[in-house]
Amino acid sequence: MKNISINHLAVFVCALLNLVVGAVWYSPVLFYRAWLQENNLREEDLKNANLAKLYGITFVLAWIISYNLAFFLGDDGTNWSWGLTAGFLAGFGWAATIFTIVAMFERRSWKYIFINGGYMVVYFSLIGLILGLWR
């Protein structure tokens, strides 16, 4: 097995980036209203959420995602362009495609699929870029 190199601080930042990108992606500036509509939610429905628990679990899962991609990109030959490419391929080729399959069987709209699948592609691409740059 080859030696792999992982920047643990970069992984931590990538996990935090999940919360930042999500906050922007699902904000009123971008897709908040459409996301609410596609999920048949009202703003009142969101007010009852336990945000500490929700964001805490989200961070842990994003941390796992970030470490997983970091292991794939741990080779010394990894650079920013391979990181970005691998992140995009993971986001589009794995995450968004399996999400689309599940959403189709759940009878979700294409709008719902594009909003959430687009988030996955953007997030994975960004963390791939960061992990490739920050070696």
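The values are calculated or read from the model by the stated rules, or taken from the named source; none is laboratory data. None of the values given here were measured: they were computed from a predicted structure. Because the Cβ atoms are built from the backbone with ideal geometry, glycine has one as well, and the counts that use them run over all protein chains shown.
General remarks:
The rows are residues; the columns are (1) at pLDDT below 95; (2) out of contact with any helix residue (DSSP H, G or I) (no Cβ under 7 Å at 6 or more places or on another chain); (3) in a helix (DSSP H, G or I).
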{"position": "LEU54", "(1), (2), (3)": "yes, yes, yes"}
{"position": "ILE64", "(1), (2), (3)": "no, yes, yes"}
{"position": "ASN68", "(1), (2), (3)": "no, yes, yes"}
{"position": "GLY87", "(1), (2), (3)": "no, no, yes"}
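- Scanning the range 76-84 turns up no residue that is surrounded by 12 or more Cβ atoms within 10 Å (Cβ to Cβ), among the charged types (D, E, K, R) and touching a residue at least 40 places away in the same chain (Cβ under 8 Å).
- Options ALA15, ALA10, ALA49; residue that is aliphatic (A, V, I, L, M), loosely packed, with under 13 Cβ neighbours inside 10 Å and over 17 Å from VAL121 (Cβ atoms): ALA49
- Selection status of GLU44, free of Cβ contacts under 8 Å to residues at least 24 places away in the same chain and either touching a helix residue (DSSP H, G or I) at 6+ places or on another chain (Cβ under 7 Å) or among the charged types (D, E, K, R) (or both): yes
- In the range 93-112, residue surrounded by the most Cβ atoms within 10 Å (Cβ to Cβ) [restricted to those that are more than 17 Å from TRP35 (Cα to Cα) and either under 16 Å from the mean Cα position of the chain (by Cα) or touching a residue at least 40 places away in the same chain (Cβ under 8 Å) (or both)]: ALA95
- Only listed residue being out of contact with any strand residue (DSSP E or B) (no Cβ under 9 Å at 6 or more places or on another chain) and modelled with pLDDT under 95, chosen from ARG107, ARG33, ARG42: ARG42
- Tally of residues being among the hydrophobic types (A, V, I, L, M, F, W, C) and either under 15 Å from GLY118 (Cβ atoms) or surrounded by 20 or more Cβ atoms within 10 Å (Cβ to Cβ) (or both) across the range 66-75: 3
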